[in-house]
Amino acid sequence: MGFSWRRGRRRRGEHSANRTPQATDYLSEWRTGVEGIISEVAGSSRFASRLRELGVVPGQRIRVLRAECPLIVQVGEGRFCLRKRDAATIRVRPVPPLPPTAHLDPSRAAAA
C-alpha cells in the first residue's frame, strides 16, 4: 500500500544511509563503504570463536561492502556475510581520517 513518513516508516535500505559512524557503534548500524576498527566481539562463545577464526578480533580493520541483510564485510583479505543480528554483536569504531597531505609524504602519515 501507500508509504507514509508520518508513521515513522523508512524505505528499505535507508535505516542508516545518512548516519555518521559514532565513536563506538555496532557493525549492523553502519552503511556501505564505511571502514572501522573492531573494538569488541560479544555473543555466544561458539559464535565469537568462529569470528576469531575468520580474523574478526579487536584491533583489526573491517569494511562494510554491503549494508543490507545479509551484511557483507571484508576483514583483511577475507570477505564474508553476516546476519544483521550477528553483526549487532560486533562493536566497531571509525578509522581516523588521514591528513590531507599524507599521500605526499609517507613519513607524515605514520606520525599522524
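For the range 75-99 versus the range 37-60, the spacing of their alpha-carbon centroids is 10 Å. Entry note, the range 26-99: relative contact order of 42 percent, from Cα contacts under 8 Å with a spacing of 6+ residues. Assuming 0.692 mPa s and 37 °C, estimate D for the range 25-96 with Stokes-Einstein, Rh taken as the Kirkwood radius over Cα pairs, in µm²/s. D, rounded to a whole number, is 282 µm²/s.
Every number here is computed from the coordinates shown, using simple stated rules; none is lab data. Since the structure is predicted, the reported quantities are computational estimates derived from the model, not experimental observations.
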